[in-house]
Amino acid sequence: MPDNIAADAFVAFDRVQKSYDGEVLVVKDLNLEMPKGEFLTMLGPSGSGKTTCLMMLAGFETATHGEIRLDGREINNIPPHKRGIGMVFQNYALFPHMTVNENLSFPLEVRGMGKSDREAKVKRALEMVQMGEFGSRRPAQLSGGQQQRIALARALVFEPELVLMDEPLGALDKQLREHMQYEIKHLHENLGITVVYVTHDQSEALTMSDRVAVFEDGRIQQLAPPDDLYERPDNSFVAQFIGENNKLPAVVKQISGDVATVELKNGKLCTALAVKCGQPGDETLISIRPERVTVGTADGQNATDAKVLELIYLGDHIRCRLDVHGNDEFVVKVPNSAGHEHLSVGETTRVTWAPEDARALDPL
Ligand code: ADP
């Protein structure tokens, strides 16, 4: 067993690769370990390999290389129904000819459970998703959100320790989706189950997860708790993918410890955290969050000229788009608070930020 995978991990992907056609690797040397009880989300653009990873864990796809372990046991050759994993998918349809009770009872019957035990477990699972009154209805007599709750109850009814969810809320409207995000999060907390959740929606990932694995092109670019991903992205892809991000191209002049001195396009020297910026002489992208920039103050180590291009009033803050050294997509969220300087479109101003709020990253 390699050093980087803990022996006591509940779920482990150990140097896993997957190719569908024997040529292109859609999952490239994936290492991932999860402790029991964790809610982990695989987040990334379409085609980045998230579903493939989930399907390998479920047993519907086999890894081309590497090992997948559940509770310390290699499961590569164990068929899906013997893995004891609950599953909820966006289009994982309920059986239309069965009532809700029968739909939920089915996975228990398959496992050979007696009638009275089945009835007790079905009742409990329906109560868990607040659908206790709906046992005798058929799926067609339920709304989309209610059907999805039943699909969730069906995944939980046999009390699996691991539940996999692939875009389970994708078909629901925004309000219901947000409501269900909290319900799933609370169920996870109350039941102590381990969840692997797949989505391409970053706000969903940040809301629900203990940790998020950001996928790009078959690799995990960063695996970290939500606040870490936002506050401390490891590279430009993650900075770009999670939240809004201002990018200023620069050249590294000097690196001293974890601080980089860089030269912006207009020759101005700035300092930033040296996160992933190579050596002096290399190109870098300085990444700064819009809420970490101050507009109008002339001083500060990183203060530089900017021109106001657009102002959008959003109640609690004003979204200000500026031209900073030729980047005309530089966005600042200016708090709408007492004493804040009035800005107008077309004026030349200054922007500044603290060196620790600027990260020198790879040029993409
Ligand atoms: P994601 O879930 O991040 O959207 P997928 O895991 O579905 O990504 O897909 C990763 C890549 O694998 C994509 O290029 C996709 O076209 C390809 N792929 C997925 N499923 C299959 C399949 N059954 N056969 C061949 N290629 C597939």
Condition set buried (at least 19 other Cβ atoms within 10 Å of the Cβ) and under 18 Å from Ser203 (Cα atoms), scope the stretch 27-47, selection nearest to the ligand (Cβ to nearest atom): answer is Gly44
If you go through Asp305, Asp299, Asp323, the only one that is out of contact with any helix residue (DSSP H, G or I) (no Cβ under 7 Å at 6 or more places or on another chain) and assigned to a loop (DSSP other than H, G, I, E, B) is Asp299
Restricted to the stretch 299-315 and to residues being open to solvent by less than 60 Å² (accessible area, probe 1.4 Å) and among the polar types (S, T, N, Q), the residue farthest from Leu273 (Cα to Cα) is Thr304
Within the stretch 280-290, residues being open to solvent by 70 Å² or more (accessible area, probe 1.4 Å) and either within 16 Å of Glu347 (Cβ to Cβ) or assigned to a strand (DSSP E or B) (or both) number 1
Among the residues of the stretch 218-236, is there at least one that is of a type outside the set (S, T, N, Q), within 30 Å of Met56 (Cβ to Cβ), open to solvent by less than 20 Å² (accessible area, probe 1.4 Å) and in contact (Cβ under 8 Å) with a residue 60 or more places away in the chain?
yes
Of the candidates Val351, Val345, the one satisfying the condition of being β-branched (Val, Ile, Thr) and within 20 Å of Gly243 (Cβ to Cβ) is Val351
Residues of the stretch 239-270 being open to solvent by less than 20 Å² (accessible area, probe 1.4 Å) and not in a loop (DSSP other than H, G, I, E, B), in sequence order, are Ala239, Asn246, Leu248, Ala250, Val252, Ala260, Val262, Leu264, Cys270
If we keep only residues of the stretch 333-364 that are free of Cβ contacts under 8 Å to residues at least 60 places away in the same chain and not in a loop (DSSP other than H, G, I, E, B), then the residue farthest from the chain's Cα centre (by Cα) is Thr348
Of (1) more than 16 Å from the ligand (Cβ to nearest atom); (2) closer than 30 Å to Phe134 by Cβ; (3) out of contact with any His (no Cβ under 9 Å at 6 or more places or on another chain), Phe60 satisfies every one except (1)
Do we find a residue being in contact (Cβ under 8 Å) with a residue 60 or more places away in the chain, open to solvent by 50 Å² or more (accessible area, probe 1.4 Å) and touching a Phe, Trp or Tyr at 6+ places or on another chain (Cβ under 8 Å) anywhere in the stretch 291-298? yes
By residue number, the members of the stretch 14-26 that are within 10 Å of the ligand (Cβ to nearest atom) and of a type in the set (A, V, I, L, M) are Val24, Leu25, Val26
Q) In the stretch 168-183, is there at least one residue being closer than 20 Å to Phe10 by Cβ and without any contact (Cβ under 8 Å) to a residue 40 or more places away in the chain? A) no
Given the criteria of a type outside the set (Val, Ile, Thr), in contact with an Asp or Glu (Cβ under 9 Å, 6 or more places away or on another chain) and outside any helix (DSSP H, G or I), does Phe95 qualify? yes
Inside the stretch 99-145, the number of residues satisfying the requirement of being outside any helix (DSSP H, G or I) and of a type outside the set (Ser, Thr, Tyr) is 11
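The values are calculated or read from the model by the stated rules, or taken from the named source; none is laboratory data. Here the structure is a predicted model, which is why all the values come from computation and not from measurement. In this analysis, Cβ positions are derived from the backbone assuming ideal geometry, glycine residues included, and neighbour counts consider all displayed protein chains. To get the accessible areas, we keep the full protein, side chains included, count just its heavy atoms, and leave off ligands, DNA and RNA. Shrake-Rupley method; radii C 1.70, N 1.55, O 1.52, S 1.80 Å.
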